[in-house]
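**Q** Following this message is one structure expressed as structure tokens.
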């Protein structure tokens, strides 16, 4: 009996270890907000998680950073910010050291194209990959959701929405702001029909999706009127599958 009990404990311990190494990405359609910060914190399973905000897409905008701290002020977490407009005399830790010390990372909205270019120049894209592989929660909305996919549409260039390639952590296309900006949805459909984008996921501003090890796990919304969708082409037409969300408050 004792030997059997020991075997069960060993198997249970292995199961917990594998669970801790699961790779999680939580994306949502709009800008950073308190509800989804709280949800990200809960995904860490820590009492007071360290959560790092990356405002790269807004050029480390001071007002945006202040807003982050304001949103986190009454939440049970330790808010951090990683700026990229720094110099070596004031920042002694590498970007990788900062990111790998966190429990979760949230990326804000803004100019996706510029953000990705800076990340690649600074090696932040590689550090984020290491964080993801380590099991650190990765999250974000708008530019902060688009960046994790293979590609999607962005307003980062002049004149019109265009396609931008992401980091490819998730092997789908993506469309944030699905219903809040009238040009987003029809262009996303057009690009999928024309094979410029693969099948993928679209999110309303207050809706999000949790991916576990690269696959859909669940849809989450802050209200009953916001949804996420799986969008694909079938027989020359767009199919839009609404994901039934868990309402989080």
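**Q** Quick check on the chain: of the DSSP beta bridges with both residues there, what percent are antiparallel, nearest 5%?
**A** Details: 26 of 50 bridges.
Given both bridge residues lie in the chain, the antiparallel proportion sits at roughly 50 percent.
**Q** Turning to a different aspect of this structure: What is the Rg over Rh value, at two decimals, for the chain, using alpha-carbon atoms and the Kirkwood definition of Rh?
**A** Details: Rg = 18.9 Å, Rh = 18.8 Å.
Using Cα coordinates only, the ratio equals 1.01.
**Q** Once you sort the root eigenvalues of the Cα gyration tensor of segment 117-249 as a ≥ b ≥ c, which label holds: rounded (a/c under 1.5), prolate (a/b larger than b/c) or oblate (the other case)?
**A** oblate
**Q** Moving on to the next point. Report, in deg cm²/dmol and to the nearest 500, the calculated mean residue ellipticity at 222 nm for the chain, where each DSSP H run with n ≥ 4 adds -39500 (n - 2.57) and the sum is divided by the residue count.
**A** Roughly -9500 deg cm²/dmol at 222 nm, from the helical runs in the chain.
**Q** Using only the Cα atoms, work out Rg/Rh for segment 26-111, with Rh taken as the Kirkwood radius, to two decimals.
**A** Here Rg/Rh amounts to 0.95.
Only the coordinates and a few stated rules stand behind these numbers; no lab work does. Since this is a predicted model, take the numbers as computed values, not measurements.
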